1. Pick out the one residue from THR230, THR197, THR225, THR202 that is over 16 Å from the mean Cα position of the chain (by Cα), surrounded by fewer than 20 Cβ atoms within 10 Å (Cβ to Cβ) and outside the structural domain of ASN164 (by TED's automatic domain parsing).
2. Just give me the residues in the range 41-86 being at pLDDT below 90, hydroxyl-bearing (Ser, Thr, Tyr) and closer than 19 Å to SER226 by Cβ, in sequence order.
3. List every residue pair whose Cβ atoms sit under 7 Å apart, with the two residues 6 or more apart in sequence or on different chains, where the first one lies in the range 161-184 and is assigned by TED's automatic domain parsing to the domain that holds THR132 and the second, anywhere, is of a type in the set (D, E, K, R) and part of a strand (DSSP E or B).
4. Tally the residues that are surrounded by fewer than 19 Cβ atoms within 10 Å (Cβ to Cβ) and modelled with pLDDT under 95, restricting the search to the range 236-249.
5. Going through the range 30-45 one residue at a time, which ones are surrounded by 10 or more Cβ atoms within 10 Å (Cβ to Cβ), more than 12 Å from THR260 (Cα to Cα) and of a type outside the set (Val, Ile, Thr)?
6. Report yes if some residue within the range 165-172 is part of a loop (DSSP other than H, G, I, E, B), farther than 15 Å from GLY78 by Cα and at pLDDT 80 or above; otherwise report no.
7. Checking the conditions here, which among THR212, THR204, THR230 is in a strand (DSSP E or B) and without any contact (Cβ under 8 Å) to a residue 40 or more places away in the chain?
8. Take the conditions polar (S, T, N, Q) and modelled with pLDDT under 95 and apply them to THR204. Does it pass?
Amino acid sequence: MTPISALFTLPSAFAASSAWSSVVTTTALSQTASATVTLSALNVSSASQNFTGTLTTTVNATNGTGAAWSQTITATRGGGVAAPTPTVTTQTSPLATIDTTNTNFQPATTLAHSSEHCVYTVTVGTGGAVGTATYSVTLSGSGCTDGTMQSAVITAATNNAVGNSGLKINFPAGTYVAADSWKVVLDEIDYSQITVTPATPTATSGSLTGVTAGSSGAFSGASLTSSARTIMSATVGNGMGAHSCSTSISIPTINGVVATYKWTTTITAA
């Protein structure tokens with residue numbers, strides 16, 4: 001059989017080009033922090049004790065510039081205040097209450113920074129209804145520096161100042177009797193007593209190179225708000241991605257009161 005041969009030719013390959021381009025834009029440095037921190041519960045004791053808790057924060061460095069950043073925290077004084085108690089159980093005036101909406105434990109003026117265990121006595125001067133009755137305030141307790149006490153202050157339903165500590169009380173509707181009085185015990189703890197200890201940061205994304213925790217220590221300052229302490233920071237060219245830090249909090253108290261204790265902090269990343 002005569003062999004059959006065939007010649008196959010392939011068409012030249014078609015060449016094509018595609019140019020791709022994209023622009024990566026910068027975004028602002030952002031952060032998250034625990035909205036609230038629940039501190040350990042304590043029993044009233046004559047021994048020194050510590051409220052403890054953990055604050056969790058995150059910095060999202062997605063600005064793409066490699067700029068250095070730092071996350072810091074400031075604090076104000078805080079504490080707890082016991083519910084007013086009548087000095088005489090037979091008195092007939094309505095029971096004053098703590099105005100939790102307006103109480104912020106911040107003195108009207110800058111005072112010496114110290115922890116204070118203060119006992120205020122609120123006494124009705126002129127009797128009558130709220131808006132007519134008056135009250136005065138006297139103070140006792142070691143180390144209390146809460147300024148000028150009030151006298152002959154006209155009562156209001158809410159936002160009645162007690163001393164110069166930032167403590168406020170309410171006078172419910174009713175008839176107030178002259179000389180009726182209440183004891184109000186305030187355990188105020190200055191920010192200089194609060195110690196924060198940042199742990200080693202962790203990375204959800206990105207590298208930990210150049211990202212470090214701030215040092216452990218107490219807040220300091222000379223104004224109503226403390227100087228800033230560093231939670232964590234990143235050096236130039238590092239810290240891009242998402243980084244978290246758990247900061248331990250320790251606040252001492254002695255001879256505390258039966259109350260809910262509160263402090264306010266502000267966290268900033270820049």
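1. Details: THR230 fails: over 16 Å from the mean Cα position of the chain (by Cα); THR197 fails: over 16 Å from the mean Cα position of the chain (by Cα); THR225 fails: over 16 Å from the mean Cα position of the chain (by Cα).
Of THR230, THR197, THR225, THR202, the one residue that is over 16 Å from the mean Cα position of the chain (by Cα), surrounded by fewer than 20 Cβ atoms within 10 Å (Cβ to Cβ) and outside the structural domain of ASN164 (by TED's automatic domain parsing) is THR202.
2. THR76
3. As it stands, the answer is ALA161/LYS168; VAL162/LYS168; SER165/GLU188, since those pairs meet every condition given.
4. Within the range 236-249, the subset surrounded by fewer than 19 Cβ atoms within 10 Å (Cβ to Cβ) is 236-237, 241-242, 244, 246, 248.
Next cut, modelled with pLDDT under 95 only: 236-237, 241-242.
Going through the range 236-249 one residue at a time, the tally reaches 4.
5. SER30, GLN31, ALA33, SER34, SER45
6. Checked the range 165-172: at least one residue is part of a loop (DSSP other than H, G, I, E, B), farther than 15 Å from GLY78 by Cα and at pLDDT 80 or above.
7. On the way: THR204 fails: without any contact (Cβ under 8 Å) to a residue 40 or more places away in the chain; THR230 fails: without any contact (Cβ under 8 Å) to a residue 40 or more places away in the chain.
Just one listed residue meets the conditions, THR212.
8. On the way: polar (S, T, N, Q): yes; modelled with pLDDT under 95: yes.
Taking the combined requirement at face value, the residue satisfies it.
The values are calculated or read from the model by the stated rules, or taken from the named source; none is laboratory data. Just so you know, these numbers come straight off a predicted model, no measurement behind them. Because the Cβ atoms are built from the backbone with ideal geometry, glycine has one as well, and the counts that use them run over all protein chains shown.
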